[in-house]
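Structure, as structure tokens:
The values are calculated or read from the model by the stated rules, or taken from the named source; none is laboratory data. Quick caveat, the model's predicted, so the values are computed rather than measured. Here the Cβ positions follow ideal geometry from the backbone for every residue, glycine too, while neighbour counts run over all protein chains shown. What goes into the accessible areas is simple: the full protein's heavy atoms, side chains included, and nothing from ligands, DNA or RNA. Shrake-Rupley method; radii C 1.70, N 1.55, O 1.52, S 1.80 Å.
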Amino acid sequence: ISMIFYNVVMQRSRRLVRKQNDYYNKLLDRSEDFIFVVGIDGLSKYISPSYERRIGREISARINKSAFEFIHPDDIDFVKQEFNNLVIDKKPRNIDFRMQNAYNEWISVYAYGQNLIDDPLINGIVVNFWDITQRKKNEEIIRKSELKFRQLFNAFPDVYFQLNNKGVITDVSPSIFKITGYTREEVLGVSSK
């Protein structure tokens, strides 16, 4: 009777463990983000399933290979330095850099790394990645738009000024000097009255 009871409990436990594993594997696989576990030697120990879908490289071909291989040449020294700092001081870090996908496109990623070397189950640096390529493109569009606006603003022949809700001047075109003799610095922060 005790053996039957033991077998029933073990089967239920195995089913529960399989169900939990399936649940977490589906979460990792369906995620738009991906996770690496990197050893202190810089070699990839684990890569979440979503990496293959997002980046286009087979995970099996990347295990025990350098985690730094596809980082943009202009970013590689910075990324390696941050990795080494994370290994030494164990303080979590987040950085932006570019990496190459399997289609030879450079994508921008935001990475958050944690040192879990002392955790015997993980024994590595855990890095979560988010693709921020579209955000970077949008920021560049905004930067160019801002630059164009600044150029127009600075060339504006009339006086343009902006007030806050208390009537204090928060921005004024440089043409203020030609018309009034006051510099922008003298006018900013002054009540319009």
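So if I check each of Glu140, Glu146, Glu185, which one is farther than 30 Å from Trp106 by Cα and exposed (fewer than 12 other Cβ atoms within 10 Å of the Cβ)?
Exactly one residue qualifies, and that residue is Glu185.
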(request) Scan region 71-99 for residues that are under 18 Å from Gly39 (Cβ atoms) and touching a Lys or Arg at 6+ places or on another chain (Cβ under 8 Å) and jot them down. (result) Ile71, Glu82, Asn85, Leu86
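More than 25 Å from Leu121 (Cα to Cα) and among the basic types (Lys, Arg): does that describe Arg54?
On the way: more than 25 Å from Leu121 (Cα to Cα): yes; among the basic types (Lys, Arg): yes.
Considered against the rule, which asks whether it is more than 25 Å from Leu121 (Cα to Cα) and among the basic types (Lys, Arg), Arg54 comes out as yes.
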(request) Please identify the pairs in which a residue from region 165-187 that is part of a loop (DSSP other than H, G, I, E, B) has its Cβ atom under 9 Å from the Cβ atom of a residue that is open to solvent by less than 20 Å² (accessible area, probe 1.4 Å), counting only partners at least 6 apart or on another chain. (result) Ser173/Phe153; Pro174/Phe153; Tyr182/Val172; Tyr182/Ile176; Thr183/Ile176
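Every residue, every condition in (1) surrounded by 15 or more Cβ atoms within 10 Å (Cβ to Cβ); (2) of a type in the set (S, T, N, Q); (3) touching a helix residue (DSSP H, G or I) at 6+ places or on another chain (Cβ under 6 Å); (4) modelled with pLDDT of 90 or more, yes or no:
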position: Lys90; (1), (2), (3), (4): no, no, no, yes
position: Phe97; (1), (2), (3), (4): yes, no, yes, yes
position: Arg150; (1), (2), (3), (4): no, no, no, no
position: Tyr160; (1), (2), (3), (4): no, no, no, no
(request) Kindly list the number of the only condition in (1) modelled with pLDDT under 95; (2) open to solvent by 80 Å² or more (accessible area, probe 1.4 Å); (3) closer than 24 Å to Glu82 by Cα that fails for Ile132. (result) (2)
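Does Val172 satisfy being in contact with a strand residue (DSSP E or B) (Cβ under 6 Å, 6 or more places away or on another chain), surrounded by 15 or more Cβ atoms within 10 Å (Cβ to Cβ) and among the aliphatic types (A, V, I, L, M)?
Details: in contact with a strand residue (DSSP E or B) (Cβ under 6 Å, 6 or more places away or on another chain): yes; surrounded by 15 or more Cβ atoms within 10 Å (Cβ to Cβ): yes; among the aliphatic types (A, V, I, L, M): yes.
Yes, satisfied.
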(request) Note down all Cβ pairs under 8 Å where the first residue falls in region 53-82 and is closer than 21 Å to Ser31 by Cβ and open to solvent by less than 50 Å² (accessible area, probe 1.4 Å), the second is among the aliphatic types (A, V, I, L, M) and assigned to a loop (DSSP other than H, G, I, E, B), and they're at least six residues apart or on different chains. (result) Ile55/Ala102; Gly56/Ala102; Arg57/Ala102
(message) Here is a list: Leu121, Leu86. Which entry is under 20 Å from Ile40 (Cα atoms) and surrounded by 16 or more Cβ atoms within 10 Å (Cβ to Cβ)?
(response) Leu86
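Among Tyr112, Tyr103, which is the only one that is over 27 Å from Gly189 (Cα atoms), of a type in the set (Ser, Thr, Tyr) and either more than 15 Å from the chain's Cα centre (by Cα) or in a loop (DSSP other than H, G, I, E, B) (or both)?
Exactly one of Tyr112, Tyr103 is over 27 Å from Gly189 (Cα atoms), of a type in the set (Ser, Thr, Tyr) and either more than 15 Å from the chain's Cα centre (by Cα) or in a loop (DSSP other than H, G, I, E, B) (or both), namely Tyr103.
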(message) Yes or no: region 37-51 includes at least one residue that is closer than 20 Å to Gln134 by Cα and either modelled with pLDDT of 95 or more or open to solvent by 40 Å² or more (accessible area, probe 1.4 Å) (or both).
(response) no
